[in-house]
Amino acid sequence: MRTVDAYAATSATDPLVKTTIERRDVGPKDVLIEIAYAGICHSDIHTVRGEWGDIAYPQVVGHEIVGVVAEVGADVTRHAVGDRVGVGCMVNSCRECENCLAGEENYCLEGNVQTYAGVDRDGTITQGGYSTHVVVDEDFVLRVPEAIPYEAAAPLLCAGITTYSPLHHWEAGPGKRVAVVGMGGLGHMAVKIAVAMGAEVTVLSQTTSKQEDSLRFGATAHRATKDPQTFEDLKDTFDLIVNTVSAPLDLDAYLRLLRRNGTMVNVGAPAEPLPITVFTLFGARRSFAGSGIGGIRETQEMLDFCAERGIAPEVELIDAAQVNEAYERVLSSDVRYRFVIDAATI
Ligand code: NAP
Ligand code: ZN
Ligand code: ZN
């Protein structure tokens, strides 16, 4: 075991505080990563505040991790000391079920082992990336291409793959009209990736305050959802809507914006069940779907795609001591567009 510095939540209501945690010894298939940067995902906030259910404290969160390999186990073949690597939302899975065998470990039938607040194989609770080091099985460690700016790469490990996967699955591309609802960490990546895939992209944001940014990211339109006219003007328009909003929405109002055969895919994860009127679906053979992160193979594909296409998240780099302030700004949609903790300040 090694003791490392970290920032942890000690209850659902108290601010995160600096502490130390134990990392396991480097096993034969493990990689020790010296963390350089850790992104702040809204899921971190849902989790530490108990919004998705009770968790055990203290809990270190963070599942957008990049750093450098500092040590490898005897049987490691995929990574070497000095490599720039990343870790996303999961650190293991059963590897045997049909979904794991299909390369979609995110949908492991046994449940994948989450990077934080999950139960590891040894029965301990996993601790995430707001920390100086992490030990992870090499199969769940990604290569981070040097072409991606180092301090901006971390958010790709969750926000990037969570939006790339549905855009890829539902074939965003030339001739497709895509709407992205909510332009925060996930949303701004959805816009950049859908544009790079060749789709015509509209941002549906609460107000027009982010309009210039939407256009800069390549969207052709930005509409305010606080304005009821938006829902009149855009009826029966989109082939695909990606909803990244962390709070409950009137789904019917958005479903009506789908044209015939269109799909709305929810990646935003409010805890509450959300009602849908089936007649809204009948009206144009519309579909409502969900999507959870992405598999390891697809995550590598997304990293390579972003490197080739020059796509990177827009980040605000912060010191670890600013994490509680950053949480408040995420909660008030005041983030442009992802906070990233400089792990050297932990
Ligand atoms: P975020 O940075 O806070 O972005 C969410 C955006 O939603 C905000 O920037 C805001 O955009 C909009 N929004 C927030 N509150 C709203 C409200 N009450 N009404 C309407 N719009 C609102 O969060 P994130 O990190 O991108 O995460 C978004 C959600 O995805 C979270 O629930 C997170 O847990 C979930 N998530 C899911 C997966 C998955 O695998 N499915 C993975 C990662 C995260 P505007 O200012 O543009 O309106
Ligand atoms: Zn996340
Ligand atoms: Zn499995």
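The values are calculated or read from the model by the stated rules, or taken from the named source; none is laboratory data. Fair warning: this is a prediction, and the values are worked out from it, not measured in the lab. Here the Cβ is made from the backbone with ideal geometry for all residues, glycine too, and neighbour counts use every protein chain on show. These accessible areas exclude ligands, DNA and RNA; they are computed on the full protein's heavy atoms, side chains included. Shrake-Rupley method; radii C 1.70, N 1.55, O 1.52, S 1.80 Å.
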Spacing of the two label points (7 Å from each Cα toward its C-beta) at Ile55 and Met1, in nm = 2.1 nm
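Given R₀ = 41 Å, FRET efficiency for Asp334-Asp233 by Cβ-Cβ distance, to 0.05? Intermediate values should be presented prior to the final figure.
Values: r = 27 Å, r/R0 = 0.67.
Efficiency, rounded to the nearest 0.05: 0.90.
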Take every DSSP beta bridge whose two residues both sit in the chain, then give the antiparallel share in percent to the nearest 5.
-> 55 percent
Mind ranking 28-34, 73-79, 183-189, 332-338 by how tightly packed they are, going by the mean number of other C-beta atoms within 10 angstrom, highest first?
-> 183-189, 28-34, 332-338, 73-79
Under unit Cβ charges (Lys, Arg +1; Asp, Glu -1), what dipole magnitude, rounded to 20 debye, does the chain have relative to its Cα centre?
-> 1040 debye
Could you give the distance between the Cα centres of segment 20-37 and segment 115-169, to the whole Å?
-> 13 Å
Which of Ser131, Met189, Tyr116, positive extreme of dipole for the chain (C-beta unit charges) = Met189
Helix axis angle, 185-196 relative to the chain longest principal axis, alpha carbon, degrees | 70 degrees
Setting aside same-chain residues fewer than 8 positions from Lys210, which lysines have a Cα under 21 Å from its Cα?
-> Lys192, Lys226
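Just to confirm, what accessible area per residue do you get for the chain at 1.4 Å probe, in whole Å²?
Numbers: 14420 Å² over 346 residues.
Solvent-accessible surface per residue comes out at 42 Å².
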Counting only C-alpha contacts under 8 Å and six or more residues apart, can you give the relative contact order of the chain as a whole percent?
-> 18 percent
Cα-based helix-to-principal-axis angle, 296-309 vs the chain, degrees rounded to 10 = 70 degrees
In whole Å, what is the distance between the alpha-carbon centres of segment 196-239 and segment 275-346?
-> 17 Å
